[in-house]
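Below: the structure, in structure tokens.
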Amino acid sequence: MTRKSAREIALGCIFECFSRREEPNEILDQRLTKEAIADLADEAIVYQNDLTEKDAAYIREVVVAAVMNADKYYAAVDVRSQSWSRSRIARMTRAILCLALAEIEYLKDVPPSVAVNEAVELAKQYDTEKAPSYINGILGSYLRDRAEPESAQ
């Protein structure tokens with residue numbers, strides 16, 4: 001399975017956690033079984049490849065980080081969302097942003113620029129027409145703000 005496919009599965013799990021208001025491990029324990037992957041293979045191409053231990057570990061790590069830190073990520077997004085209230089931001093947009101922020105903050109093998117680019121691509125595929133530019137702007141601002149303290153030292 002490619003990282004891109006694993007990222008799409010992770011996004012689905014994050015979205016499901018937010019929608020169902022369930023703990024990430026409950027969703028992950030249901031979704032990352034061989035049976036669940038096989039059942040979903042007819043519905044979505046991302047499930048048609050074998051899920052390796054490495055893929056499952058990535059999905060678990062990023063989903064747990066995204067969901068458990070969602071309030072922190074929402075606050076970071078809200079600060080950067082000029083004239084957009086939290087209620088105007090679609091659930092899918094928030095899920096994509098939380099996924100990207102979790103990759104940036106917790107996954108050292110994912111360069112921040114890749115996390116941003118992949119988030120924009122996910123938005124093009126799963127979100128509204130305006131979401132890719134919004135997500136790119138929010139994440140770009142986040143990375144610039146994150147880099148400032150380092151350059152000031």
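Worth a mention:
- Filtered by the rule that a residue be among the β-branched types (V, I, T) and in contact with a helix residue (DSSP H, G or I) (Cβ under 8 Å, 6 or more places away or on another chain), the range 46-73 gives V46, I59, V62, V63, V64, V67.
- Going through (1) within 12 Å of the chain's Cα centre (by Cα); (2) over 18 Å from F15 (Cβ atoms) one by one, E118 falls short only on (2).
- Restricting the range 100-153 to residues that are farther than 18 Å from V62 by Cβ and open to solvent by 90 Å² or more (accessible area, probe 1.4 Å), the residue that is modelled with the highest pLDDT: K124
- For the range 1-28, filtering for residues that are open to solvent by less than 70 Å² (accessible area, probe 1.4 Å) and either closer than 12 Å to C98 by Cα or not aliphatic (A, V, I, L, M) (or both) leaves 15.
- Among residues of the range 38-92, those that are open to solvent by less than 100 Å² (accessible area, probe 1.4 Å), more than 24 Å from A115 (Cβ to Cβ) and either assigned to a helix (DSSP H, G or I) or basic (K, R) (or both), counted: 2
The values are calculated or read from the model by the stated rules, or taken from the named source; none is laboratory data. Keep in mind the model is a prediction, meaning the values are calculated, not measured. For neighbour counting, all protein chains shown are included, and Cβ atoms are generated from backbone atoms with ideal geometry for every residue, glycine included. These area figures cover heavy atoms from the full protein model, side chains too; ligands, DNA and RNA do not enter into them. Shrake-Rupley method; radii C 1.70, N 1.55, O 1.52, S 1.80 Å.
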